[in-house]
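Step one of this worksheet: look at the structure below.
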Amino acid sequence: MDRNSATGLFLISALLLVYLFFFSPKKSDEKAAGKTPAATTTAAKAPAATPAAATALAPEAPLDSAAGPARDVTLANENLTVTFSTRGGRVTAVRMKKYKTFFGQPLDLFDAKSARLDTKFRTLDGKTIRFSDLNFQAVPSQAGAASVLTFTAPVAGGSIVQTYSLPKTGFELKYDLRLLGLERAVAQEPLTFTFVDRVRQTEQDLKQNRNHTTINHYLATGDQGQLAEASEKPEEFKAGGSVKWAAHKHDFFVAGVIADQQPFAGGAFNSDMDPADSTFIKTLSTTLQFPVAEVEQGRGQYRFFFGPNSFNLLKSITPEFDRNVYLGFGPFRWVNRFLIIPVFHFLERFMSNYGVIIALLVLLIKLVTWPLTYKTYESQARMKVLKPEIDQLKAKHGDDATKVQQETMKLYQEFGVSPLSGCVPTLLTLPILFAMFQFFPNAIELRQQSFLWAKDLSSYDVFVKLPFYVKWYGDHVSMFTLMMTASTLLMTWQSNQTNTAMQGPMKTYSYLMPIIFLFVLNSFAAGLTWYYFVSNVITFAQQAITKSFVDDTKIRAQLDANKIKNKDKKPGGIQGRIAEAMKAAQERETQAKAQARKKS
């Protein structure tokens, strides 16, 4: 590893650490939680119960029992079991039939103890009518392949009619709301729909589960937004315009409300969390405004989505709904969307072992980026060939570092060598590097997919459970992270053995970064650290193959030819500007020394 390669490594490492610091979820404040770090880092068993008083929803008003006692009614298809209550004619529970929690329990997206949906409107005489105060009559029926449930309740001389339709397959629940015969009784202002959702822990890593839980929304103006995921303070947002959809994202699952025709007239979103609560890890609250004219005229048509947070599924639901799968920002999202995800799903068609799929994904990416790798290795070889000349410059100018740098840049210009050619090709692979940090923790395809000793490739692997907590590291040993670190250190050692230009602090630094990432990545998704271990192994093979194509004798002949060709050529471009800057710096240093001698 020469000086330029080390500079590239430094830039990549620094950028990666900055990216992780600013764009990855922040850890909870363990002291504020009033509990030991080990209690919040991981969940090796089902989360402990929290006292009911701390998590119970506010009690509801007494029910109007004119239609009899409230009862539950269910609709089900191959994917969902949706439970309704005649109290309010509303959804009270949703079970994902094909998924379970990390702890092996049935996965309820929410239930009557953790969530509440309700709607209200105001009459002209100032009275507030809440659906939850009414007991609706439920009438099930069938409409083609869909199961239909109609709720009706008399109120203020008219009636409220809510119709739910669940197709035979899929994750969407159609919802039609009508106010019949209430045109002269209802105030001409939007109806208010509320959804309070106390999210339970369903995944291994409590912190990731909490930090990936938020509310996303999409405005009619085309603006998409979300509440801060990892904030420990209450977060809120009030939409200044119409809203097309809102979604409660539970790490790997989504509970969304979508306007099919006219958008919601407005919306407000809130999230809050108690770090000490490991049962209800975050409370999400959404308020949406149903346009009263649409409801009165029978056009109050909406959809609920209760399903997995899968990119390919969500992009078919409604525009921008796939934003619930966080793939990074800007170019990193594009890399994931148009490169990583298509290749990943292509490989899924031929095999079901996701550890093997990840290894093949690495192989394909390495093949595509091989020209850049070759360019980097070739640059290292050129620096190695020029080492005798550089050593002579160091011996000639002694401790005058500025003069050595200036003459070195002049030497590079003479031989047609760019000092940036060793790191620029590597920097060009950064979008793929950063994209992976968002793909693996958010890919539901990897959820609960085991490989070797890892139980869940979307979370960290636990090879050894420690009986204590190590600050900055955690209370477990991730073997994939150890393998990645060991292979990186081996690559660094091998590089330093063959490139004697790496000396002093830079040589020490080359070993320091892998150790830092041992701590940083110990709690990252096992799929990610397995990816980088395989990447290192393939890089070993690439270097061995590339070395056979790079002949030091031919490189020396090419450099000598460049020297003759560039004999009378003036420095230009970036190299020229660097040379001029070094020359100016040397002149300033010389003037400063001269002035110092005069004063003395």
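Where a number appears in this text, it was derived from the coordinates with a stated rule and is not lab data. This is a predicted model, so every value here is computed, not measured. A quick note on method: Cβ atoms are made from the backbone with ideal geometry, for glycine too, and the neighbour counts reach across all protein chains shown.
Compute the FRET efficiency between Gln137 and Tyr509 as 1/(1 + (r/R0)^6), taking r as their Cβ-Cβ distance and R0 = 51 Å, and round to the nearest 0.05.
Values: r = 74 Å, r/R0 = 1.44.
Here the calculated transfer efficiency is 0.10.
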Please give the Cα centre distance for the stretch 335-374 versus the stretch 523-545, rounded to the nearest Å.
12 Å
At 0.36 nm per residue, and after removing the present C-alpha to C-alpha distance, how many nm does the segment from Leu63 to Phe103 gain when stretched out fully?
10.7 nm
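Order the peptides 523-532, 330-339, 317-326 from the highest to the lowest mean number of other Cβ atoms within 10 Å of their residues.
Per-residue mean Cβ counts within 10 Å order the peptides as 523-532, 317-326, 330-339.
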Taking neighbour Cβ counts within 10 Å as the exposure measure, how do Ser548, Ser458, Ser278 sort from fewest upward?
Ser548, Ser278, Ser458
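Given 0.36 nm per residue, what is the gain on full extension from Asn312 to Asp111 after removing their alpha carbon distance, in nm? Intermediate results must be reported in sequence, preceding the final value.
Details: separation 201, 0.36 × 201 = 72.36 nm, distance 2.69 nm.
Extending this stretch completely gives an extra 69.7 nm.
Trypsin sites (Lys or Arg not before Pro), restricted to the stretch 143-186: which are DSSP loop and have at most 10 other Cβ atoms within 10 Å? Walk me through the numbers on the way to the answer.
On the way: sites: Lys168, Lys174, Arg178, Arg184; in loops: Lys168, Arg184.
Loop-located and lightly packed - Arg184.
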So for the pair Asp274, Val368, with labels modelled 7 Å out along Cα→Cβ, what separation do we get in nm?
4.7 nm
Can you list the residues, at least 5 places off or on another chain, whose amide H is less than 5 Å from the amide H of Ala220, using H built in the peptide plane?
Ser242, Val243, Lys244
Point-to-point label distance, Ser548-Lys238, nm (Cα→Cβ direction, 7 Å offset):
7.0 nm
Please list 3J(HN,Hα) in residue order for the stretch 515-525, calculated via the Karplus relation 6.51 cos²θ - 1.76 cosθ + 1.60 where θ = phi - 60°; whole Hz, with x for glycine and proline.
5, 4, 6, 4, 7, 5, 9, 4, 10, 8, 4
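Do any of Lys394/Lys565; Lys98/Lys366; Lys315/Lys375; Lys465/Lys547; Lys127/Lys249 go past 31 Å between their Cα atoms, and which?
On the way: Lys394/Lys565 25 Å; Lys98/Lys366 35 Å; Lys315/Lys375 38 Å; Lys465/Lys547 42 Å; Lys127/Lys249 34 Å.
Violating the 31 Å limit, Cα to Cα: Lys98/Lys366; Lys315/Lys375; Lys465/Lys547; Lys127/Lys249.
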In terms of modelled amide H atoms, which long-range or inter-chain residues lie less than 5 Å from the amide H of Gln449?
Leu457, Ser458
Provide the FRET efficiency to the nearest 0.05 for the Leu339-Arg184 pair, computing r from the beta carbons and using R0 = 56 Å.
0.45
Built amide H within the under 5 Å cut-off of Phe253, gap 5+:
Asn309
Highest mean packing first, using Cβ neighbours within 10 angstrom, the peptides 350-356, 434-440 sort as 434-440, 350-356
Need the full-extension length gain, Trp453 to Arg130, defined as separation in residues times 0.36 nm minus the C-alpha distance. One decimal, nm.
111.1 nm
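Take peptides 281-292, 102-113 and line them up by average Cβ neighbours within 10 Å, highest first, as a rough protection proxy.
On the way: 281-292: 22.2, 102-113: 16.4.
So the order, starting with the most tightly packed, is 281-292, 102-113.
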